[in-house]
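Laboratory data are not the source of any read-out in this text; all were calculated from the coordinates shown. Being a predicted model, the structure only gives us computed values, none of them experimental. Cβ coordinates were reconstructed from backbone atoms using ideal geometry, including for glycine residues, and neighbour counts include every protein chain displayed.
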Amino acid sequence: MAAAGWPVGRKHSDESCLLMGATRLGIDPSEYRAKREAGLRWCTGHKRWEPSADFVSHPGKRDGIGGQCVESNRAISREYQRRKARAKQHTGG
């Protein structure tokens, strides 16, 4: 049960999410909105704008889309697997 005065379900409005995203990237909210309306998202892996269709799904996110594009996600996964294999070789397990 939510405390009195706290929203149930969604934590932030669409406008506040837009403002937070623009602030996080250090750009004007109108520029951020224009990029999003053009079908772009910010890839946290590549640190650049990418088409929304290129992003991985993430059921835990509000919009169901993860923060990394598929290419970036694959690179991160490959690096994780390499580190895991090296650690296994060094520990003998």
- Query: Can you tell me the Rg and the Dmax, both Å, for the Cα atoms in region 14-91?
  - Reply: 15.7, 52
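Report the full-extension gain for the segment R74 to Q89: residue separation times 0.36 nm, less the Cα-Cα distance, to one decimal in nm.
Numbers: separation 15, 0.36 × 15 = 5.40 nm, distance 2.26 nm.
Once the chain is fully extended between R74 and Q89, it gains 3.1 nm.
Listed highest first by mean packing, meaning other Cβ atoms within 10 Å per residue, what order do 28-37, 81-90 come in? Could the numbers behind the result be given before it?
Details: 28-37: 13.4, 81-90: 9.5.
The most tightly packed comes first, giving 28-37, 81-90.
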- Item | Förster-model FRET efficiency, 25 Å R0, L40 and S16, C-beta, rounded to 0.05 | 0.80
- Task: Calculate the spin-label point distance for R82 paired with H58, positioning each point 7 Å from the Cα along the beta-carbon direction, and give it in nanometres.
- Result: 2.3 nm
